1. Gly476 passes all but one of (1) in contact with a Ser or Thr (Cβ under 6 Å, 6 or more places away or on another chain); (2) closer than 18 Å to Gly626 by Cβ; which number fails?
2. Can you work out which of the residues in segment 436-446 that are open to solvent by 10 Å² or more (accessible area, probe 1.4 Å) and at pLDDT 90 or above is farthest from Val507 (Cα to Cα)?
3. When segment 569-580 is examined, which residues are found to be closer than 18 Å to Leu609 by Cα and open to solvent by 30 Å² or more (accessible area, probe 1.4 Å)?
4. Within segment 363-403, which residues are of a type in the set (Val, Ile, Thr), assigned to a helix (DSSP H, G or I) and either free of Cβ contacts under 8 Å to residues at least 24 places away in the same chain or under 20 Å from Asp214 (Cβ atoms) (or both)?
5. Please count how many residues of segment 449-478 are part of a helix (DSSP H, G or I) and either surrounded by fewer than 12 Cβ atoms within 10 Å (Cβ to Cβ) or out of contact with any helix residue (DSSP H, G or I) (no Cβ under 6 Å at 6 or more places or on another chain) (or both).
6. Here are the criteria: (1) over 30 Å from Gln118 (Cα atoms); (2) open to solvent by 40 Å² or more (accessible area, probe 1.4 Å); (3) of a type in the set (Ser, Thr, Tyr); (4) in contact (Cβ under 8 Å) with a residue 12 or more places away in the chain. Tell me which single one Thr342 does not satisfy.
7. Of all residues in segment 282-327, count the ones that are open to solvent by 100 Å² or more (accessible area, probe 1.4 Å), in contact (Cβ under 8 Å) with a residue 12 or more places away in the chain and either within 12 Å of Asp212 (Cβ to Cβ) or in contact with a helix residue (DSSP H, G or I) (Cβ under 6 Å, 6 or more places away or on another chain) (or both).
8. Considering only residues that are surrounded by 16 or more Cβ atoms within 10 Å (Cβ to Cβ), of a type in the set (A, V, I, L, M) and over 21 Å from Leu94 (Cβ atoms), which ones fall in segment 225-250?
Amino acid sequence: MDLLLSLNEQFDRQFATEQPMTTVDEIFTAPCLGNEEKHTFGADILREQAVQIRRRTGLELRGYYATGDLANEGSDQGGFDDSSANLELSWDVLKNGYLQYGKKADALEYRAQIAEIQQDMRQNEREGRCRSYNINQSFSEALTILLMMKLQLLEKVYPIERRAYFSNWSFLDDYFVSEENLVLTRQELTYLNQDYTPKKATTNLYSPPLLDVDLSGMIKAILSDNRPEMLTNLEKERLKAEDDADIPDSLSLFVRRNFDINNSTTSGDDLVTGLRFRIPLYDRQTDELRLRLLQAERNKSLLLWKRIAKTRAAHASLREQLRRTVRAHYRQAQARERFRRTLLELQMGADTLMPVAITRMLTLLDAKIELLRAKEELYRRVNEMFLASALPYRSDLVQKVSLTPGLNRARLGDRSIYIWSAGFSAISNENLINFLKAKQIDRVLLSASTKSSFGKITDFLTMAEKNNIRVEMLTGQPDWIFPENQETALARAVTLAERTGIVHLDVEPHTLPGFRQKKKEYLEWYIEFLEKIKQGLLDRRLSVDVPLHFPAETYHLLDSIADRVYVMAYGTTDPDVLTRRLQTVLDNIASSKLVIVLRASDFRDEWALEKMIDKLVLSTGITQYGIHQFRTFFQKTTVDHETPHPEKLFQ
C-alpha cells in the first residue's frame, strides 16, 4: 500500500502538469556538440582561387637566345658568330589572357556565393539532425523515471508471483507474464542509458503538449524563401561567365628588343612592336548556353515542387501520428482514472482490491510510457516537416493542440469550493484531496475556525500544495466592519494570509441588524474596512464574497480593492434569470476577478449543476465558478442515483 501511494504521489508530482510551449522551443533550438561551428571554408577557397586568377593579367616577359651550329664552330660556315637573342614583353588579351582570366574569376565569385547559400541550406539539415538527437535525449529522462517506477513495483510483485506458482495458486503462464515484464523493463532501462556521447544540458520533457504544424503557413514560408531564386540567378550568372570565358581566339600585343650579338653591320639592335592573333575557323552558333539557362530555371521550379510535395507528405505523416498520440492520451487518462478510483476504494478499506490496484498501476505506467513514446515520435515528425521544407525552425509555425479546450475532467472552466469546519473534520485529508482532484477543483476556501484541528489544517495545506490545489483561508464576521473592530480583524486577516498568501473575508454586512435602515453607512464602513485590510496585507492577496443586491457603486469600489470577488448567485436554477441578476456585477467587476458561486443544495445532482455552469459560461463569459458548500456537494456526488431510461439520457 505504501509503495502504491508513493508511486502515485511521484507520478502526480512528475507528470501531472503540462509543460509550456517555451519548453518545446528550448528543445527545438538547443545546439548539439560538434554542430556549434556553422562556418565552412568552401566559399573562402573559391574566392581565394578567384583572387589568384584575377591577378593573371596576361602580361608575360619572354626571352630568346640561340647559338649557331656547334659543328662549324670557328669556320666560315657558322659557329658562335651566328648567335641571336631577343627580349619581349607581351600581353595576351583574349585566350589565356586578360579577358579570359577575368571571366573565369567572375565565375568563381558566383560559385562562392552559390556555395554560401547552399551551406546555409545544408545547415538547416544539420540543425534538423541535431534537433532529432535533442528530442531523443529530452524524452529519455522521463522514460527512465517511468521504467524505474515500473521496475520498483515489478520487483515487489515478482517474488509473490513466483511463490504463487510454486504454491499452486497460479499457473506457469501467469508466472511468465510477470517474468516477461521484469526482463523487458530491465532491457529498456539498459538501452536508455547506454548512450555514452557527451551531452550538453538538455531540457527534459515529462508532460509536453501535443503539437501540430501550420501547413499553409509553412507553404507560404517556402514560397517566400528567396534562397532558391538567388541560387538560380547566381547559377545563370555563373553559366554566362563560364560561357564568356570559353574564348577560342587569341590576340597578343608585344614589344620586342633584338640584340646584335654578332656586331653585324647589316642588322644592329632594334626595337620591334607588333601583334599576333589566332582565329580558329568553324561555325560558332550554338544553343548550349540558352539550354543551360532554361535548365537552371527548370531546376528551380522542380526544387520548389519537391519541397512543397515533401512537406505535404511529411504533414500527412505528422497528422497520422497525432491521431495515434491522441488515442494514447485518452488511454492514459482512462488508466489514470481507473487507478485513482481503485486507490481511493483501497484507502477506504477495500483490501481485496490490492491486486487490482497493482495491475492498474502497471497499466497506468505502461499507458504513460506509450504516450511519451507517441509524443516523442510526434515531435520527430514535426522536425521532419522542417527538414522536408528546407526551412529553419520557426516557433510561429508550431501549434499547440488542445484537447477539449477549457474542459477539465469534462468540466468547463475553473472550480473552487467552500469547506466549513464540520465538513473538513468529517473526512480524511487523503480522501479530501482525492475527491477534489476527481472533481477537478483546484481552489479551496477553507474555514479557519477553531473548530478545526490546527494539525489537520497544516497537513492539508502541505498536501494541497503538492497537488497544485490553492487554498484561501476563510474567516470573518459581520460586525468586523464597525470601526472599533477593524484593528482586531486586520490582525486576524494578516495572520491567516501568511499561511497561504491569500485570505478570504466572509463578512456579509447585509446580514447585520438594521442593514436596510443604515445601508449606505454600513457599506461605506465595509469599503473602508476592506481598504484597511488590503493595505495591511501588503503583498498578500484578498478575496471577498458579496450578494447579488449590492449597489453598482459598491461593486465598482470592490473591483479596485479585492483580488477576487465571489458573488453568491443563489436562489434560482434558471440561467437566464441568473444572468439578468448578475448584470450589475458583470458591468462593474473585471471578469478575471469574478467567481460565480452556485449553491449545491439548489440543484438535484452534479449534472444539473454542470448544465447550469455550461449555460452561464455562454451567457456571461465567466469561466471561474465556486460551489457552496463541500458537505452538500459531496453527498450529492457520492450518492448512487438510479440510471435513467436511455431516452432520458438525451434530454
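The values are calculated or read from the model by the stated rules, or taken from the named source; none is laboratory data. Values in this document were obtained by computation on a predicted structure and should not be read as measured data. Every residue, glycine among them, receives a Cβ derived from its backbone with ideal geometry; neighbour counts consider all protein chains shown. Heavy atoms of the whole protein, side chains included, go into the accessibility calculation; ligands, DNA and RNA do not. Shrake-Rupley method; radii C 1.70, N 1.55, O 1.52, S 1.80 Å.
1. In the conditions (1) in contact with a Ser or Thr (Cβ under 6 Å, 6 or more places away or on another chain); (2) closer than 18 Å to Gly626 by Cβ, Gly476 misses (1) alone.
2. Step by step, filter segment 436-446, then rank; the result is Asp442.
3. As a first pass, look at segment 569-580 and keep what is closer than 18 Å to Leu609 by Cα: 569-579.
Correct list: Tyr570, Gly571, Thr573, Asp574, Asp576, Val577.
4. Val382
5. Qualifying residue count for the region: 10.
6. Looking at each condition in turn, Thr342 falls short on (2).
7. Residues flagged as open to solvent by 100 Å² or more (accessible area, probe 1.4 Å), in contact (Cβ under 8 Å) with a residue 12 or more places away in the chain and either within 12 Å of Asp212 (Cβ to Cβ) or in contact with a helix residue (DSSP H, G or I) (Cβ under 6 Å, 6 or more places away or on another chain) (or both) within segment 282-327 amount to 2.
8. Across segment 225-250, the qualifying residues are Leu231, Leu234.
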